[in-house]
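Structure in structure tokens, see below.
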Amino acid sequence: MMSGFDRLRRTAAPGAIGICALSLIAAASASAADDVSPWDGDARSAVRLIAGSAGAGKVVRAGVELRLKSGWHTYWRYPGDAGVPPRFDFTGSQNLKAVDVLWPAPQAIAEHDLVTIGYTSDVILPLAVLPENGAKPVKLRLKLDYAVCERLCVPAEGKAELVLTGRSSSQDAALAAAEARVPKKAVLGESATLAIKSVRREDGTGRRRVIVDVAAPAGARVALFAEGPTPDWALPVPKAVDGAPAGMRRFAFELDGAPPGVTYEGIPVALTAVAGNVAIEVMTRLD
């Protein structure tokens, strides 16, 4: 017995088959175009929005994609010894209740005699978008102020607009990869392949610093970053030091960078440890 598919192959004219194929290609291209906004930028850097499928609960997944020219870099949410973090403005968006910006693990970047924190290649910053009405699309409008640096740093601005429907997207795989790079929440002292095992203050004569011991895979290149409780804090980038117990890496940073009139007693500090493709974030207090 001839199947319906066989009958279609025997009876369809070659031209009709070609038209069907072209229609499918055009539909796929249009769908992919709906998942991204146009790039906005110049030869040094550019910005666009990308759409993802629905996430957990009522959240819609999206992302801000930054394209960087080779040799240029941009900054993390805390830039380190110098630089400015990206600033997001979603004013003018429609059906938008809240946006949470997620940050893939950064790296330390040497700038002259300083250490900054950021990204040296193209990066996607995932977004968790909460609609006002989950039954309707979100029209997301973004104005991004950021900086890009090579030998000198220059300010940059990107604008983008995209409708988020929550449907399956051509950008889902790229978004998932970026989300996997976001440091996982962890607890101080827990047992894991990558873990922050201890944090203590060391107050000596004329010197106050914080010592952090990190458990990490043997041979892995490990970086540690410290953030104060508000953006007006400017804690130094922790540096690797000797004296760690067996199987550990030790880092230290000076107690410096507090806003005027603020003490260090009991302040909450976010510590981010990065080892290869694994990253964690631990909240602790400087008691």
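Every number here is computed from the coordinates shown, using simple stated rules; none is lab data. Just so it is clear, the structure is predicted and the values come from calculations on it, not from any experiment. FYI the Cβ positions are ideal-geometry reconstructions off the backbone, even for glycines, and counts take in every protein chain you see.
Within the range 183-287, which trypsin sites (Lys or Arg not before Pro) sit in a loop by DSSP and count at most 12 neighbouring Cβ atoms inside 10 Å? Before the final figure, lay out the partial values.
On the way: sites: LYS184, LYS185, LYS197, ARG200, ARG201, ARG207, ARG208, ARG209, ARG221, LYS239, ARG249, ARG250, ARG285; in loops: ARG221.
Passing sites in the range 183-287 are ARG221.
Continuing with the same structure: Arranged from highest to lowest average of other beta-carbon atoms within 10 Å per residue, in what order do the peptides 174-180, 132-138 appear? The partial results should precede the final answer.
Values: 174-180: 16.9, 132-138: 14.1.
Descending packing order for the listed peptides: 174-180, 132-138.
Could I get the Rg over Rh figure for the range 185-285? Both from C-alpha atoms, Rh via Kirkwood, rounded to two places. Before the final figure, lay out each step's value.
Working: Rg = 13.4 Å, Rh = 13.9 Å.
That ratio equals 0.96.
Ranking PHE225, PHE88, PHE253 by Cβ neighbours within 10 Å, fewest first, what do you get?
Details: PHE225 27, PHE88 15, PHE253 21.
By the 10 Å Cβ count, ascending, the order reads PHE88, PHE253, PHE225.
Another question, if that's okay. Using unit Cβ charges (K, R positive; D, E negative) and no other charged atoms, how large, in debye to the nearest 20, is the dipole of the chain about its Cα centre?
Working: 33 positive and 31 negative charges, 175 e Å.
The dipole of the chain has a size of about 840 debye.
Another one. Could you work out [θ]222 nm for the chain from helices alone, using -39500 (n - 2.57) per DSSP H run of at least four and dividing by all its residues? Round to the nearest 500 deg cm²/dmol. Each step should come with its number before you reach the end.
Details: 3 runs with 38 residues, N = 287.
When only DSSP H runs of four or more count, the value is -4000 deg cm²/dmol.
Please build a GNM for the chain, connecting alpha carbons under 10 Å apart, and tell me which residue among ASP42, ASP172, ASP232 fluctuates the most.
Result: ASP232 has the largest fluctuation of those listed.
Taking the Cα atoms only, what angle lies between the long axis of helix 14-34 and the longest principal axis of the chain, rounded to 10 degrees?
Result, in degrees: 30.
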